[in-house]
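Note sheet for the following structure.
The values are calculated or read from the model by the stated rules, or taken from the named source; none is laboratory data. These figures come from a predicted structure and were not determined experimentally. FYI the Cβ positions are ideal-geometry reconstructions off the backbone, even for glycines, and counts take in every protein chain you see. Side chains included, ligands, DNA and RNA excluded: accessible areas come from the protein's heavy atoms. Shrake-Rupley method; radii C 1.70, N 1.55, O 1.52, S 1.80 Å.
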Amino acid sequence: MKRLFVLLVLSALVFLAGCAERPSVLVVSVDSLRWDEMSRSEQGETVSPTLDQLAASSLVFDRAISAAPWTTPSMMSVMTGLPSLAHGVEEHDRALAPSVGTLAERFEEAGYRTAAFVPAVTLRREYGFDRGFEVYDFEGYGHHRISSPELISKVQHRVERWQDEPFFIWVHLWDPHYNYRPQAPWDQAFRRGKQPENEDVQCLKWVEDPVAPAEAEYLRGVYRSEIRFTDEWMARLLETLEQLELRDETIIAVFADHGESFLEHGYLGHTNRVDDTNVRVPLLLHWPGHLPSERIERPVSLTGIGRTLLRLAGLDAEGFGASEPLPLAAAEAAGPLTEPGPMSRTVRRGCFVSLTGDEYKYVLDFRSCTERLYDQGTDPYEQKDLTAERPEVVREMRGDLVTELDRIDALGVPKGTMPAEVVEEAQAALRSLGYVAGGGDGGGDGGRHVECFRGRRPTGRDAFGDAVVDPPCREEALRACLAALGS
Ligand SMILES: [Zn+2]
């Protein structure tokens, strides 16, 4: 009996020692942060000094691609390790199927304390984002309120409380999301271009060429002041980790859920297209003494973050998601890709899917069934379509897309729907925040939106009350289009 007691005490001690050695994990997603805002100075002011400094001692992924050009499907891919087509949460009335496991659940099962601090309606718990989080602190902020100070102070408080236990904390910093609000003291620092009469990007994003180039420059300046402001709050969060002596035992992952466009392709904002301005994002992993300060040039998908964090924390990643973990050193990522590169997709307004390869990016518009091909080395802003010049590459990447779709089909991941009453309630919340477009059907602020749609009258509303102008994407059109284009 006595021996059993000693054994129990010993195994408890071993268990506790094991716990103490486990690293904590801090996931910071910054909304709408473009990859090319990192390491950038404008008018003598650095746009993201804290993130740049952190990147200098991090593993940095130069070509990280988000699974989708808007928050909900992109973050769901990060949290499940699945492409958006697989988890299916690609519209507001979808939810993660109950049987699909999440990253937070993995950490929770391993004895981690888990908390999320999310300010965006697009991260409502009902999508399934709250699964595995002991604390899911959700509040819809809307464009009229800044979010970083409040969120960061909540995270600081939580980290202090849990400093002696391993934690998995996710914070989503929403400020750079449109509509932009110039943030003091940087409200003048990035001022440029010409102030447009209408700064409502939420509405303008549905219009082709909605503003003049100088006006887009102005909007980008305001967007930059939001990034600079967010970066400042990120600095305060890192200081807290430093003060608590947690920097060395915390794995920090920083990335953006998607990018943002400023007329590079004739539109503003994000959501409806998969151009690199929308899907290429910063990504860095920081863990001093464990991860090298190197840059990875190979394209990687944000869907690989989950398995990577599990692997780094020494947890079992078996059965989590269906994405390769990220390479953890430049040497691991040498040589060409051996499988189809990162896929991005959107079915909101636009029906687009893309594959990012080593050299080229392939884009398929499966509403019009047209393809585009870009050389990523010489044309990072995707201005010159090479489909006519490189038909063999188009054919090869089209084949890669079919392979990827077959792989996703074979996963057989179940898809869930959002209960009707939740959709209704969320719709009301979104409308009160001014998050969704009105509709242009004569009521409320419809006039403003008719102007945004330039006379194209919306034909209806989607599940969240957002005005519908274009017909919805037909899922079967993707396969039909690939079949028609041939192999
Ligand atoms: Zn977002």
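Here are the numbers for this structure:
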{"read-out": "Selection within the range 105-131 - buried (at least 24 other Cβ atoms within 10 Å of the Cβ) and of a type in the set (D, E, K, R)", "value": "Arg106"}
{"read-out": "Any hit, the range 252-264, residues being away from the ligand (no atom under 16 Å from the Cβ) and assigned to a helix (DSSP H, G or I)", "value": "no"}
{"read-out": "Single residue of Asp164, Asp200, Asp231, Asp209 found to be at positive phi and away from the ligand (no atom under 16 Å from the Cβ)", "value": "Asp209"}
{"read-out": "Selection from the range 80-124 of residues that are more than 14 Å from the ligand (Cβ to nearest atom), over 18 Å from Ala410 (Cα atoms) and in a helix (DSSP H, G or I)", "value": "Leu103, Ala104, Glu105, Arg106, Phe107, Glu108, Glu109"}
{"read-out": "Residue check for Ala189: surrounded by fewer than 21 Cβ atoms within 10 Å (Cβ to Cβ), more than 21 Å from the chain's Cα centre (by Cα) and under 22 Å from Glu37 (Cβ atoms)", "value": "yes"}
{"read-out": "Residue in the range 168-182 that is hydrophobic (A, V, I, L, M, F, W, C), more than 15 Å from the ligand (Cβ to nearest atom) and buried (at least 17 other Cβ atoms within 10 Å of the Cβ) present", "value": "yes"}
{"read-out": "Selection status of Arg3, open to solvent by 10 Å² or more (accessible area, probe 1.4 Å), modelled with pLDDT under 95, away from the ligand (no atom under 16 Å from the Cβ) and under 19 Å from the mean Cα position of the chain (by Cα)", "value": "no"}
{"read-out": "Among the residues listed as Asp406, Asp385, the single one being among the acidic types (Asp, Glu), open to solvent by 50 Å² or more (accessible area, probe 1.4 Å), at pLDDT 95 or above and assigned to a helix (DSSP H, G or I)", "value": "Asp406"}
{"read-out": "Matching residues in the range 132-152 - criterion: being open to solvent by 50 Å² or more (accessible area, probe 1.4 Å) and either away from the ligand (no atom under 16 Å from the Cβ) or assigned to a loop (DSSP other than H, G, I, E, B) (or both)", "value": "Glu134, Glu139, His144, Arg145, Ile146, Glu150"}
{"read-out": "Lone qualifier among Glu208, Glu245, Glu226, Glu197 - being open to solvent by 10 Å² or more (accessible area, probe 1.4 Å), farther than 25 Å from Val89 by Cβ and modelled with pLDDT of 95 or more", "value": "Glu245"}
{"read-out": "Criterion: within 18 Å of the chain's Cα centre (by Cα) and at pLDDT 95 or above - qualifying residue of Pro83, Pro119", "value": "Pro83"}
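Yes/no matrix, rows are residues, columns are (1) in contact with a strand residue (DSSP E or B) (Cβ under 7 Å, 6 or more places away or on another chain); (2) open to solvent by 20 Å² or more (accessible area, probe 1.4 Å); (3) not in a helix (DSSP H, G or I):
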position	(1), (2), (3)
Leu284	yes, no, yes
Gly289	no, yes, yes
Ile305	yes, no, no
Arg311	no, yes, no
Leu315	no, yes, yes
Gly319	no, yes, yes
Leu328	yes, yes, yes
Ala331	no, yes, no
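Residues are listed down the side, and each one gets a yes or a no for (1) part of a loop (DSSP other than H, G, I, E, B); (2) polar (S, T, N, Q); (3) within 16 Å of Trp70 (Cβ to Cβ):
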| site | (1), (2), (3) |
| --- | --- |
| Trp170 | no, no, no |
| Pro185 | yes, no, no |
| Phe190 | yes, no, no |
| Asn198 | yes, yes, no |
| Gln202 | no, yes, yes |
